[in-house]
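Please read the structure below before turning to the comments.
The values are calculated or read from the model by the stated rules, or taken from the named source; none is laboratory data. Here the structure is a predicted model, which means the values were calculated and not measured. Heads up, the Cβs are rebuilt from the backbone with ideal geometry, glycines too, and the neighbour counts pull from every protein chain shown. All accessible areas refer to the heavy atoms of the entire protein, side chains included, with ligands and DNA or RNA removed. Shrake-Rupley method; radii C 1.70, N 1.55, O 1.52, S 1.80 Å.
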Amino acid sequence: MASHAFCLRLKLHTPLILPRVAPRLDVLLAEALRHLRLDWDTPIQASDIPLTWDAELGGLRGSQLVFGTTPRSGLVAESVAFPTAIRRLPFTEVSPPIRKRITVDGGPTAPRLSEHPALLAPYALLYGVGDAMRCAELLTLLTGIGREHAHGCGEFSVESIEPLPDDDTRWCQRPWAIDRPEAHAEQPYRPVVDHLALVPGGNDQPVLRPPRVLKEALPHG
């Protein structure tokens, strides 16, 4: 596998609802591989993912999602409403001979809307070291990223693959073991203490990670 530093630029089409921790390139690729294989039970190995393994840091060289903004369009926050599941009706309420009017304007059978805060920027950026073309191909297997992606949130398309100099370290913008603070030393943020897996499907451990929301101003777009 040819390994080069790169930036994947994703065009965001709908607001993205971030989970507790921002989506990470290696985790997204692992999910894409599950879709490719139609197998959600077999664990994905680090060697299956087309990113370079960093033996010193103990993880794959792929960043978390970074919002890309432009002079004309920044980062916008809004709320998106989704209906929650309607509680299953008791058997006595729907079987004859009992007839009961089911209302939807109140009571236990009423549909309810839940508000989810969402973010929208023109682009989402993912940095990595590895086979950029293969990473882009796998990402096209995902319908969206973030929470509620099955309901239209976080829809994207791969817009471009930009090769980067070998000394570009933005791929480090992801969680690393808590005893590796040097991985965050040159990054433009203060790391946060958390408890996360360093590899997809791995066990959680103490880590230092970037904040949930990272953004980068692009000169054009």
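Rounding to the nearest 10 and keeping the result within 0 to 90°, find how far the Cα-based axis of helix 25-37 lies from the longest principal axis of the chain. That works out to roughly 60 degrees. Hydrodynamic analysis of segment 112-211 uses the Kirkwood radius over alpha carbon pairs. Inserted into Stokes-Einstein at 25 °C and 0.890 mPa s, it gives a translational diffusion coefficient of 153 µm²/s.
Counting only protein heavy atoms and using a 1.4 Å probe, what share of the accessible area of the chain belongs to carbon plus sulfur, as a whole percent? The nonpolar share, carbon plus sulfur, comes to 55 percent.
Peptide packing for 195-201, 35-41 was compared via the average number of neighbouring C-beta atoms within 10 Å per residue; ordered from the highest value, the list is 195-201, 35-41. Here the Karplus curve 6.51 cos²θ - 1.76 cosθ + 1.60, taken at θ = phi - 60°, turns the phi angles of segment 145-158 into couplings of 10, x, 6, 6, 5, 6, 10, x, 8, x, 6, 8, 9, 6 Hz, with x standing for Gly and Pro.
Within the shell defined by Cβ-Cβ distances under 9 Å, the residues around Pro19 carry a net charge of +3, with Lys and Arg each +1 and Asp and Glu each -1. Take the chain with all the other protein chains still there, run a 1.4 Å probe, and you get 55 Å² of accessible area per residue. Using alpha carbons only, the radius of gyration of the chain set against its Kirkwood radius gives Rg/Rh = 1.08.
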